[in-house]
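**Q** Structure in structure tokens, see below.
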Ligand SMILES: [Mg+2]
Ligand SMILES: [Zn+2]
């Protein structure tokens, strides 16, 4: 094991859109969505929208076709594949839902790269309609978090569970990538050896940069797919180098070489910087 766990948000981090909006807009249900939004929680509304689309004759395949057109940049794909090839453990923590995420990841050949997807449950009911259920059942009880987390999901609780499951393996470090308000709780749970990658000028970046001292983790911002790949692979290299106890590699500040061009069979755990 490389000792690096990379945790990704999904919407506006891996895909460059909000998949809920993408499906609602793509299948022509935007007006109804906006009319109902003030009346119910987002997660409950998405379940309701799937019901509405079904009654309009939209099929699961229509929804899947729409999801397959969601924008996902080639450098996000190569960044994820390289991180996986380097031996990092990749997980998703997302407020979308399982069907949306799995459909998109499979379409781009990324599904097998991830060891865990933490998101809202989805299933197809007896009428053939997609149902979406909250990750955390807020009708039963609140998750009790005071950070800006939606009622159906506190990502901080999920990060804490992941950390607890890792505690026997002290060398592991987390790299977390996200854009939204819901990712803020995660960032507060990271430790001083971890890295937080907030998307610049997005809500989680605004929250973090307004009081950066609240975070223990190192903060490394990114704006677009190119920086996503570059910063992620740079941080993985730093973490791998530290685990290998070769401190001379830690001080490098030159641009990281394109890891994805290295032959996979001979992937070194520590990548050399050209002199
Ligand atoms: Mg997001
Ligand atoms: Zn929370």
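**Q** Which residue, of 78, 94, 122, is away from ligand 2 (no atom under 16 Å from the Cβ) and part of a strand (DSSP E or B)?
**A** Sole residue among the options that is away from ligand 2 (no atom under 16 Å from the Cβ) and part of a strand (DSSP E or B): 122.
**Q** Let me ask something else. Could you list, in sequence order, all residues of the range 171-188 that are in a loop (DSSP other than H, G, I, E, B) and within 16 Å of ligand 1 (Cβ to nearest atom)?
**A** 179, 180
**Q** Which residue out of 267, 256 is surrounded by 15 or more Cβ atoms within 10 Å (Cβ to Cβ), modelled with pLDDT under 95, more than 17 Å from residue 14 (Cα to Cα) and more than 20 Å from the chain's Cα centre (by Cα)?
**A** Working: 267 fails: surrounded by 15 or more Cβ atoms within 10 Å (Cβ to Cβ).
None of the other options fit; the residue is 256.
**Q** Select from the range 173-201 the residues that are more than 13 Å from ligand 2 (Cβ to nearest atom) and surrounded by fewer than 21 Cβ atoms within 10 Å (Cβ to Cβ) and write down the one among them that is nearest to residue 118 (Cα to Cα).
**A** The selected residue is 191.
**Q** Based on this model, can you work out whether residue 32 counts as without any contact (Cβ under 8 Å) to a residue 24 or more places away in the chain and farther than 16 Å from residue 122 by Cβ?
**A** Considered against the rule, which asks whether it is without any contact (Cβ under 8 Å) to a residue 24 or more places away in the chain and farther than 16 Å from residue 122 by Cβ, residue 32 comes out as yes.
**Q** Collect the residues in the range 125-170 that are more than 16 Å from ligand 2 (Cβ to nearest atom), modelled with pLDDT under 90 and part of a loop (DSSP other than H, G, I, E, B), keeping them in residue-number order.
**A** The answer is 139, 140, 167, 168, 169, 170.
**Q** Name the single residue that is modelled with the lowest pLDDT among those in the range 171-182 being touching a strand residue (DSSP E or B) at 6+ places or on another chain (Cβ under 8 Å) and farther than 11 Å from residue 202 by Cα.
**A** Out of the qualifying residues, it is 172.
**Q** Are any residues in the range 146-166 surrounded by 16 or more Cβ atoms within 10 Å (Cβ to Cβ) and either away from ligand 1 (no atom under 16 Å from the Cβ) or more than 21 Å from residue 100 (Cβ to Cβ) (or both), and if so, which ones? First the steps, then the outcome.
**A** Keep residues of the range 146-166 that are surrounded by 16 or more Cβ atoms within 10 Å (Cβ to Cβ), which gives 147, 149-159, 162-163, 166.
Correct list: 147, 151, 156, 157, 159, 162, 163, 166.
**Q** With respect to residue 72, is the statement that it is outside any helix (DSSP H, G or I), within 16 Å of ligand 1 (Cβ to nearest atom) and under 23 Å from residue 186 (Cβ atoms) true? Break it down stepwise before answering.
**A** Details: outside any helix (DSSP H, G or I): yes; within 16 Å of ligand 1 (Cβ to nearest atom): yes; under 23 Å from residue 186 (Cβ atoms): yes.
Considered against the rule, which asks whether it is outside any helix (DSSP H, G or I), within 16 Å of ligand 1 (Cβ to nearest atom) and under 23 Å from residue 186 (Cβ atoms), residue 72 comes out as yes.
**Q** Within the range 37-58, count every residue that is buried (at least 18 other Cβ atoms within 10 Å of the Cβ) and under 20 Å from residue 119 (Cα atoms).
**A** Count: 7.
**Q** For the range 1-46, which residues satisfy the criterion of being part of a loop (DSSP other than H, G, I, E, B) and either more than 15 Å from residue 175 (Cα to Cα) or more than 12 Å from ligand 1 (Cβ to nearest atom) (or both)?
**A** Matches in the range 1-46: 1, 2, 3, 12, 16, 17, 18, 27, 28, 29, 40, 41.
**Q** Only residues that are closer than 15 Å to residue 183 by Cβ and assigned to a helix (DSSP H, G or I): list them for the range 218-231, please. It would help to see each step written out before you state the result.
**A** Start the filter on the range 218-231 by keeping residues that are closer than 15 Å to residue 183 by Cβ, which leaves 219-222, 228.
228 - this is the single residue of the range 218-231 that is closer than 15 Å to residue 183 by Cβ and assigned to a helix (DSSP H, G or I).
**Q** Ok, one more. Within the range 1-28, count every residue that is more than 16 Å from residue 101 (Cβ to Cβ), at pLDDT 95 or above and out of contact with any helix residue (DSSP H, G or I) (no Cβ under 6 Å at 6 or more places or on another chain).
**A** Final tally of qualifying residues: 3.
**Q** Give all pairs with beta carbons closer than 9 Å in which a residue from the range 60-76 that is at pLDDT below 95 meets a residue that is surrounded by 15 or more Cβ atoms within 10 Å (Cβ to Cβ) and not in a helix (DSSP H, G or I); count only pairs at least 6 apart in sequence or on separate chains.
**A** Taking only residues 6 or more apart or on different chains, not a single pair turns up.
**Q** Just the residues that are part of a loop (DSSP other than H, G, I, E, B) and within 15 Å of ligand 1 (Cβ to nearest atom), please, taken from the range 195-217.
**A** 200, 201, 202
The values are calculated or read from the model by the stated rules, or taken from the named source; none is laboratory data. What you see is a predicted model, and the numbers here were worked out from it, not measured in a lab. For neighbour counting, all protein chains shown are included, and Cβ atoms are generated from backbone atoms with ideal geometry for every residue, glycine included.
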